[in-house]
1. Answer with yes or no whether residue 92 is open to solvent by less than 60 Å² (accessible area, probe 1.4 Å), more than 14 Å from the chain's Cα centre (by Cα) and within 18 Å of residue 112 (Cβ to Cβ).
2. Only residues that are in a loop (DSSP other than H, G, I, E, B) and under 18 Å from residue 122 (Cα atoms): list them for region 1-31, please.
3. What is the number of the single condition among (1) crowded, with 18+ Cβ neighbours inside 10 Å; (2) at pLDDT 95 or above; (3) among the aliphatic types (A, V, I, L, M) that residue 102 does not meet?
4. Could you go through region 4-27 and let me know if any residue there is on the phi > 0 side of the Ramachandran plot and surrounded by 12 or more Cβ atoms within 10 Å (Cβ to Cβ).
5. Do any residues in region 77-103 that are closer than 19 Å to residue 54 by Cα have Cβ atoms under 9 Å from those of residues that are of a type in the set (A, V, I, L, M) and open to solvent by 50 Å² or more (accessible area, probe 1.4 Å), where the two are at least six apart or on different chains, and which pairs are they?
6. Confirm whether residue 160 is free of Cβ contacts under 8 Å to residues at least 24 places away in the same chain, more than 21 Å from residue 11 (Cα to Cα) and open to solvent by 20 Å² or more (accessible area, probe 1.4 Å).
7. What number of residues within region 32-68 are touching a Phe, Trp or Tyr at 6+ places or on another chain (Cβ under 8 Å) and assigned to a helix (DSSP H, G or I)?
Amino acid sequence: VVVDMQQIFRSAESQWAVAGYDEAAARIEQLLVAHTGPVVWTKFVRDEQEDGAWRAYYDRWSECRLAPDSPQWDLTRPARPGAATLTLPTFSKWGPELARLAGDGPLIVCGVATDCCVLSTVLGAVDAGRAVTLVADACAGATVEAHDQAIALMAMLSPMVDIVTADDLTGRYAMS
């Protein structure tokens, strides 16, 4: 599962710019080359209704109050032909639809932001009983410190969450 690798998180001018985005994207590319199986891409796209606390959230981040068809929501790398893309207006992408798309195999997660959408997605999957492999260097957070703190938090959930590097994981692919 590649979480929210989108223009809005890459662009240095965005209020939601993620530190280390390009480095994480390079690691994700490494994983995609090594792993030829199915990949699910997720996208965060604002719900124009802004129900409940979302209104106050977008008051704080007003520059991100973009129309759902804004190119800022586009993925920064095209998904493989036939790949599934799940678009939701929530931090967590975990739910029945992602569970169905991801199948019963190993759940490997990477993307942005480690301290928000990645963390929320991992916690949702773990709550649902899924074991998760998180590729730490294929993730990036709002800041380097926030990324490191989110990784440390998820590491405390071992053995439900296994923290690896892209090199670790590509080495596993080469052995299978």
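1. Considered against the rule, which asks whether it is open to solvent by less than 60 Å² (accessible area, probe 1.4 Å), more than 14 Å from the chain's Cα centre (by Cα) and within 18 Å of residue 112 (Cβ to Cβ), residue 92 comes out as no.
2. 1, 4, 5
3. Only one criterion in (1) crowded, with 18+ Cβ neighbours inside 10 Å; (2) at pLDDT 95 or above; (3) among the aliphatic types (A, V, I, L, M) is unmet by residue 102, namely (2).
4. Kept after step one, since they are on the phi > 0 side of the Ramachandran plot, are these residues of region 4-27: 4, 20.
Filter once more, keeping what is surrounded by 12 or more Cβ atoms within 10 Å (Cβ to Cβ): 4, 20.
So far as region 4-27 goes, yes, one or more of its residues are on the phi > 0 side of the Ramachandran plot and surrounded by 12 or more Cβ atoms within 10 Å (Cβ to Cβ).
5. Taking only residues 6 or more apart or on different chains, the pairs are 92/123; 94/123; 94/128.
6. Details: free of Cβ contacts under 8 Å to residues at least 24 places away in the same chain: no; more than 21 Å from residue 11 (Cα to Cα): yes; open to solvent by 20 Å² or more (accessible area, probe 1.4 Å): yes.
Answer is no for this residue.
7. Just the residues of region 32-68 that are touching a Phe, Trp or Tyr at 6+ places or on another chain (Cβ under 8 Å), to begin with: 34-35, 43-47, 50, 61, 64-66.
Next, only the ones that are assigned to a helix (DSSP H, G or I) stay: 34, 64.
Matching residues across region 32-68 total 2.
The values are calculated or read from the model by the stated rules, or taken from the named source; none is laboratory data. If you're wondering where the values come from, they're calculated on a predicted model, not measured in any experiment. Note: ideal-geometry Cβ built from the backbone for every residue, glycine included; neighbour counts use all protein chains shown. Heavy atoms of the whole protein, side chains included, go into the accessibility calculation; ligands, DNA and RNA do not. Shrake-Rupley method; radii C 1.70, N 1.55, O 1.52, S 1.80 Å.
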